[in-house]
Protein chains: 2
Amino acid sequence: MEKKFQAIYDLLAKEIQTEKIKAGQLLPSENELTERFATSRETVRKALQLLSQNGYIQKLQGKGSVVLEQDKLPLPVSGLTSFKELSRSMSQKVETCVTSLSCKKARGFIQQVLQCEEGTPIWELHRLRKLDGESVIYDKDFLLKELAPGITEEIAADSIYDYLEQELGLSISYAKKEVVVEEAQAEDKAIMDLGSYQQLVVVRSAVYLEDTTLFQYTESKHRPDKFRFVDFARRTK
Amino acid sequence: MEKKFQAIYDLLAKEIQTEKIKAGQLLPSENELTERFATSRETVRKALQLLSQNGYIQKLQGKGSVVLEQDKLPLPVSGLTSFKELSRSMSQKVETCVTSLSCKKARGFIQQVLQCEEGTPIWELHRLRKLDGESVIYDKDFLLKELAPGITEEIAADSIYDYLEQELGLSISYAKKEVVVEEAQAEDKAIMDLGSYQQLVVVRSAVYLEDTTLFQYTESKHRPDKFRFVDFARRTK
DNA sequence: GAGTGGTCTAGACCACGAA
DNA sequence: TCGTGGTCTAGACCACTCA
């Protein structure tokens, strides 16, 4: 059974996305929504808080909740989104090529970033992402084998997150990310279509499960002209 | 009078920051906190939700709230943070130099991004940020003059946000951002210390007030080696 | 003054984890 | 079984906007 506030959120989000309620208009008041959904005001407010967080509305005390303008498919690199989910919203032709999938024992750098015992089995996965036939993104993933024993090249080419969440029932919960620009390494130049680009945008992320286990470490290198990051942020005072 | 849930948040955040409660430990249970702060459980939960959003804790059903590891001063380019607030957390010597402050009538590109009438008075502000004597960040701001009539070079060199919020009582509420990499223009090369760098990380942002007025548009160009972006993101399902 | 959102309360029942 | 967090309720009072 879906949670009530989630259902209200989904419905309102959909009405905004489909422009059944247009930007600039006010949502029905909290009291009206309370009646319409036969619930309590706090539950309505939970839904509205989600809408506000995700940039759908702005609440104005004494007035109501204004619907904000929706951006036309910004790549939500922000938040936690996998490549497959991303590519769905891209018009271009996208291809994923698994260049390497091997199992290693943790030591040195990898052991350190995954914060595990020396010798822990680790999947090391390299994937090349092609847009319109050009290799422009190079991902290296390191994951605890213990938690995802059955990874295959097919799964890796599709979506690891789908596999984890739907097949294994693991819940990805949060991530820490860092974005920097670095010189392309010899390996990058050999494997990617860099043209004259000498630098790459590198996104490093640590992915955690619900129980706070650090589960995956990823280094994603992007050719600068194919990198775009968009963000919606609220001021927290 | 400070809101109760905010006070509880502040106190707990401080205890985590100062490692009075260490990473990996559990927070007191919601019932305990309810008693300690002589409040209701929902109020405690509001505070905990904030802590969770900001990456301080992870809630585990049936167990409690685990304190997460704190990162040592990540530049929070994420969220909504002004340069002055940023520089406070940087060890390096930071200098801001106002290279231009003028008032224009909106038209063309500027009119479009600020979504205002043609001819609306606009402040155009150029600032150069120096780290250790090198000019590595170049900001161009466009703001509605109507809302911030009294801007001076002194204010611009200090913090515009402080002026807006403390002097004018305006409330900055949210922003949309985009990060891309672009070729350095002739102007950028002339005014910044770019060395052999040919490309710049460009952060474009639109800043909105509480009443959803689009108030400011900023283009911030960073020398790639001095750009770093960190982010904490929760998975939203 | 009427209607809006913002905060807070005191309770209820449920799902989950650990012992 | 007991303590934890997750959801939900029905009410209260306040601050704000607008007519």
What's the magnitude of the charge dipole for the range B:134-237 around its Cα centre, counting Lys and Arg as +1 and Asp and Glu as -1 at the beta-carbon? Answer in Debye, nearest 20. 760
Out-of-range pairs (alpha-carbon distance over 32 Å; input B:Lys3/B:Lys93; A:Lys4/B:Lys14; A:Lys22/B:Lys105; A:Lys22/B:Lys4; B:Lys46/B:Lys130; A:Lys14/A:Lys93): B:Lys3/B:Lys93; A:Lys4/B:Lys14; A:Lys22/B:Lys4; B:Lys46/B:Lys130
How about B:Lys226: which aspartates and glutamates have a C-alpha closer than 12 Å to its C-alpha, ignoring those fewer than 8 places off in the same chain? A:Glu182, B:Asp132, B:Glu134, B:Asp193
For the peptides B:114-122, A:206-214, what is the packing order when you average, over each peptide's residues, the other Cβ atoms within 10 Å and list the highest mean first? A:206-214, B:114-122
Accessible surface buried upon B-A contact (total; probe 1.4 Å; Å², nearest 100): 3900
From the label point of B:Lys93, set 7 Å along Cα to the beta carbon, how far off in nm is each other copy's matching point, shortest first? 5.6
How high is the relative contact order of chain B? Use alpha-carbon pairs under 8 Å, at least six apart in sequence, and give a whole percent. 16
For label points placed 7 Å from Cα toward Cβ, what is the shortest-first list of nm distances from A:Lys3 to its copies? 1.9
From Cα pairs below 8 angstrom and at least 6 apart in sequence, can you work out the relative contact order of the range B:138-237, rounded to a whole percent? 32
homo-copy label distances at B:Glu35 (7 angstrom along Cα-Cβ), nm, one dp, ascending, are 4.3
With each label point set 7 Å from Cα along the Cα-Cβ vector, what nm distance links B:Glu15 and A:Ala186? 5.4
Using only atoms on other chains, find how many Cβ atoms lie within 10 Å of each Cβ of peptide A:176-187 and report the average. 5
Hey, any idea what % of the range B:4-67's accessible area is carbon plus sulfur with a 1.4 Å probe? 47
Whole-Hz Karplus couplings 3J(HN,Hα) for the range A:165-176, θ = phi - 60° and coefficients 6.51, -1.76, 1.60, Gly and Pro as x, run 7, 8, 7, 9, x, 7, 10, 6, 10, 7, 8, 10
Given charges of +1 on the Cβ of Lys and Arg and -1 on the Cβ of Asp and Glu, with all other atoms neutral, how large is the dipole of the protein assembly as shown about its Cα centre, in debye to the nearest 20? 820
accessible surface per residue for the range A:83-226, probe 1.4 Å, DNA/RNA/ligands not counted, whole Å² -> 46
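The values are calculated or read from the model by the stated rules, or taken from the named source; none is laboratory data. Because the structure is predicted, anything quoted here is derived from the model rather than measured. FYI the Cβ positions are ideal-geometry reconstructions off the backbone, even for glycines, and counts take in every protein chain you see. SASA here: full protein model, heavy atoms, side chains in, ligands and nucleic acids out. Shrake-Rupley method; radii C 1.70, N 1.55, O 1.52, S 1.80 Å.
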